[in-house]
Each structure stands twice: as structure tokens, then as C-alpha cells.
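To start, the structure under review is shown below, and the notes come after it.
The values are calculated or read from the model by the stated rules, or taken from the named source; none is laboratory data. Source: prediction; values computed, not measured. No Cβ is skipped: glycine too gets one built from the backbone with ideal geometry, and neighbour counts run over all protein chains shown. SASA here: full protein model, heavy atoms, side chains in, ligands and nucleic acids out. Shrake-Rupley method; radii C 1.70, N 1.55, O 1.52, S 1.80 Å.
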Amino acid sequence: MKQFESFINAIPKLISVIPSTLLLFLGIIGVGIVLGMLLAWVRLKGNTVGNVLVNIYISFIRGTPLLIQILIVYFGLRAIAVNGFGNQNATRWPAALFVFIAYSLNLGAFLCETFRSAYTSVDFGQVEAGMSINMKNSQIFWHIIFPQAARIALPNMSNLLIDDYKALSLAFSIGFIDIMGRGEGLAGLTKGVGAVGIYLAVAALYWLVCKGLDIVFRRVEWGLSKDIRVAQAAVAHQTS
Amino acid sequence: MIFNFEFAAESFPKILSAIPVTLLLTVIGMAVSSILGFLMAMARIEQKKFWSGFSSVYITIMRGVPIMVQLYLVFVALPLAIQSIAEAMGIKTYVDIPPMVVAATALSLNYTAYMEEVFRAAIQSVDSGQWEAAISIGMTKRQMMAEVILPQAFVEAIPNLGNTFIGLIKDTSLAYMVMVMDIMGEARTLAGAGLNYLEAYADAALIYWGLNFLLERLFGIWERHAGVFNRKDVRPAGKTIGRTKVKTAAAGR
């Protein structure tokens, strides 16, 4: 019963941190997508040097735990600011800043692969069709390739984003307060009594937010595939 | 000084010596989750009502909750559970569970969900003609699975097994949160004395990177060897093997 009580008591306190984490998460998504597109562009169109550099970067991000990346960004940036530029204020920078940087860098590398494979999976005939009616390269990209590639990339992207939201739970190791960080704080306050209930509440809230994100992404996918569905319906109507 | 190279070089071999702990944790997690995941996958393939319902609920829970939260939950709940069971049996003890067991339990439970999906996808990717062929020559269900379906499914599963294995190695880095002295734990302990966190974690990152790079290569080699029957470039030239020919013959009739 003690656990059940602490479960109920913890829920409102845990919910209160969700809006700010979601806001930070939106920022991470924005920067991650831009970075991912830039990296994918280098890998597709860049010269050899750029390609090798991006490959090493992606291999590093994929080959090391995110937890270490967070800690390296945290301690690395502070060391550069304090010892390199003599900025003593760096030790008081908010944890959210480091989380923002580390997660954007991480997400960008993973999205790069998704974007690249989506880009290459667009049929080359589509590009040729654009060239045949004398479209400029930028027009071909934005009007022909991008809408199709976005649709292909979206399911993978939404999986990555949901994983990234869950991974925010690692950030309490540098003192960032999301659901997990708050839960850990609450469990610490009660000196471990009712900790099971608190962590169960944390788990339930993560699960709910992830389900919510899943529903949102599905809606977006549904919306983006609208013209495809219209076209398929038209073909089905003609052949029947 | 931003980066203390001397400290990084000095502590590198010490952190390197913690690799066996990380690998042990990975292997235990992989073994347990493979067995449980395989059983769940078989239950879902054979559409056993209770077990397939159970495993789909299990998977949504395990995939919707961060592994960090699961680790903490096991950390606080496992001793409590064992203690209450012991008390119910009338034994008065103080339960102290080794951190390695906590970490291995949490990782195994979490990765069971992933392994179930790996195995299920692999089994379902075996061509339906193979199932039909096995039934047509009167094989029992057990024979069909053991001699026709599973050997092919296993080869299909190797790339995903590799990815899961690497994912698991990376996730073992969370185990230092419950005081396991793996690569991360060793790095943090070494760093703590002189606050050389950046250097120690950079060392740890290099070690994880090298380990995963090596494993990726190994799984690649294994995949090429195991999948030899499936490769286009080693098939005898000029012969059609497989369903293309069969299908056209059936259509002609």
C-alpha cells in the first residue's frame, strides 16, 4: 500500500516536468533534422575529404554509448570554456544546454543515414522526368525528390525520435531534470521508501508520452501519404 | 590545460582491463534474452492465445519505457520482492543483491522484447513455399521447424542479431549507475580522484568505439559465411534455382 500511495503522489509532480522537456525535445528535433540533412548532403554530393570526415563522425556516434557522448559534451565544453577562454561562468551553465547540444549531435548522425537512404530510394526516373521538362536542380530537389523522400524517411525517423525521447532519461546523470531526473529526486527525498511506486509512475508516464508521440507521428505519416492514397484510389477506380 | 593527455594515456590500460566485465554482462544479457525471446517468438508464430497476448503486452511495455527506468526499477524492486518472498516462507534475512545481477536482469528483460522481434521477423521472412514443401513431404511440425525453417531463419536474423548485440554493448554502459565496475564504472572511478572526467570518458568512448567496430566486422564475416546458400554471386551460372522457375511452370499449366 505504501508503494501505491507514493505512486499516486508522484504522478502530478512528474507530470509538471513534461512540458519543458517536450519543448527542449522539439528544439533537438529541429536542429537534428537540419544537421542530418546537411550531413546527408555531404555524403551524397560532397568530395572525398568531406565524405571521410562525415563517415568517421557517424561511426563514432553510432559506436559509442549516448551516455558517454553526453558526459563528453558536458565535461568537454566546460573544460574548453573555463580553461580555454577563462570563462568561469561556464560551471553554472544549465544542464539543458549540454543536453540540447549532445542530443542534437547524436540525432543528426542517426538521421543522416535515414535521409540518405530515403534520398537514394527515390526512383531516378523521377529526376529524369524533371530534367526533361527543364527544371532547375533546386526545383527538382524541392518539388520532386524532397516530398517523396520525406514520406519514405518518416517511419524510420519517428522510431528514432521516440527512442531519443526515451533516451532523455540518461540526462539526469548531468543533472538534467526530466521525468527520470524528477523521479530520482523524489525517491531520494523519501530516502528510498516507496521508491518502487515512484519509479513505476516514472515508467508509466514515459510509456504514455511515447504512445502519444507515436500517435502524432502516425497522423503526420497519414497526412503526408494523402496524395499517394488519392492516386492509388484513382488507379483502382480505373481498373475496376 | 583543456585535455590532460598524460592522464588519458596512463589510465587507458586500466580502463581497458574492464572489458571482460562489459563483455560478460553483454553475453549474459544476450544469452538470456535470446532464449526468452525465441520462446516468445515461437508462441506468437504458433498463435498460442495466452502467450502471444502476453508477449505483445510485454513488448509494448518494454519498448515504451526507457531502459534506464527499468534498471532503477529492478534495482529497487528486486531486493524487495525477494525479501517479501523470504518473509512469506518464514525466513528472516537481509537481501543484498550483487550489482552485476541487477544489471543483467534489467538488460535481459529489456532485450528479450527486442530479440523476440528479431526472431519473429526472421522466421516470417522464410518463404511460404518452404513451409508448404515441408508439409507436402509429410514432415512433423517439429521436423519442419528444426530442419527447414529455423536454419534459414537464423541466417536471416544475423544482421539484426549483430545490431542488437552492439546495441546491448552500448546499453551495458548504464550498468555503472548501479555500481557495476564495467568500462564506464572504471573510467568514472579513475576520473574521480583528480576530476579528470573528460579524459577518462574519452578513453572509454575510444574503447567502446573499437569494440563495436570489431564486432561489426565479425558479424559481417559471419553473415557472408552463413548466407552462402543465398548469395547470387556464388550460385552456379546458367541455372535457375528457386521460385522463379516453379512459378512460371505453374502459370503455364
Residue in the range A:217-228 that is without any contact (Cβ under 8 Å) to a residue 40 or more places away in the chain and closer than 19 Å to A:Ser16 by Cα present: no
Among residues of the range B:173-208, those that are open to solvent by 60 Å² or more (accessible area, probe 1.4 Å) and hydrophobic (A, V, I, L, M, F, W, C), counted: 5
Quick one: would you say A:Ile152 is modelled with pLDDT of 90 or more and open to solvent by 10 Å² or more (accessible area, probe 1.4 Å)? no
Going through the range B:184-203 one residue at a time, which ones are within 9 Å of chain A (Cβ to nearest Cβ) and closer than 29 Å to B:Gly220 by Cβ? B:Met184, B:Ala187, B:Tyr201, B:Ala202
Here is a list: B:Gly37, B:Gly90, B:Gly53. Which entry is away from chain A (no Cβ under 14 Å) and crowded, with 19+ Cβ neighbours inside 10 Å? B:Gly37
Which of the residues that make up the range B:109-143 are open to solvent by less than 10 Å² (accessible area, probe 1.4 Å) and of a type in the set (Gly, Ala, Ser)? B:Ala113, B:Ala122, B:Ala134
Residue pairs qualifying under the 8 Å Cβ cut-off, at least six apart or on distinct chains, with the first in the range A:12-25 being over 18 Å from A:Ile162 (Cα atoms) and the second being among the β-branched types (Val, Ile, Thr), are A:Leu14/A:Ile179; A:Leu14/A:Val202
Filter result (open to solvent by 40 Å² or more (accessible area, probe 1.4 Å), within 14 Å of chain B (Cβ to nearest Cβ) and of a type outside the set (D, E, K, R)) within the range A:26-71: A:Asn55, A:Ile56, A:Tyr57, A:Ser59, A:Phe60
Close pairs (9 angstrom Cβ cut-off, 6 or more residues apart or separate chains): free of Cβ contacts under 8 Å to residues at least 60 places away in the same chain in the range B:45-61, open to solvent by 100 Å² or more (accessible area, probe 1.4 Å) anywhere: B:Glu46/B:Lys141; B:Trp51/B:Leu39
Do you know which of the residues in the range B:156-175 that are touching a residue at least 60 places away in the same chain (Cβ under 8 Å) and within 13 Å of B:Trp222 (Cα to Cα) is nearest to the other protein chains (Cβ to nearest Cβ)? B:Gly162
For the range B:204-221, does any single residue satisfy the condition of being under 19 Å from the mean Cα position of the chain (by Cα), modelled with pLDDT under 90 and away from chain A (no Cβ under 14 Å)? no
Here are some conditions: (1) in a helix (DSSP H, G or I); (2) open to solvent by 50 Å² or more (accessible area, probe 1.4 Å). B:Gln47 meets all but one. Which one does it not meet? (1)
Does A:Gly86 satisfy the criteria of being within 14 Å of chain B (Cβ to nearest Cβ), loosely packed, with under 14 Cβ neighbours inside 10 Å and among the small types (Gly, Ala, Ser)? yes
Evaluation of A:Asn159 against (1) within 14 Å of another protein chain (Cβ to nearest Cβ); (2) open to solvent by less than 60 Å² (accessible area, probe 1.4 Å) (one fails), failing number: (2)
Closer than 23 Å to A:Asn55 by Cα, more than 10 Å from chain B (Cβ to nearest Cβ) and within 20 Å of the chain's Cα centre (by Cα): is that true of A:Arg218 in this structure? no
In the range A:179-204, which residue that is more than 10 Å from every other protein chain (Cβ to nearest Cβ) and part of a loop (DSSP other than H, G, I, E, B) is least open to solvent (accessible area, probe 1.4 Å)? A:Thr190
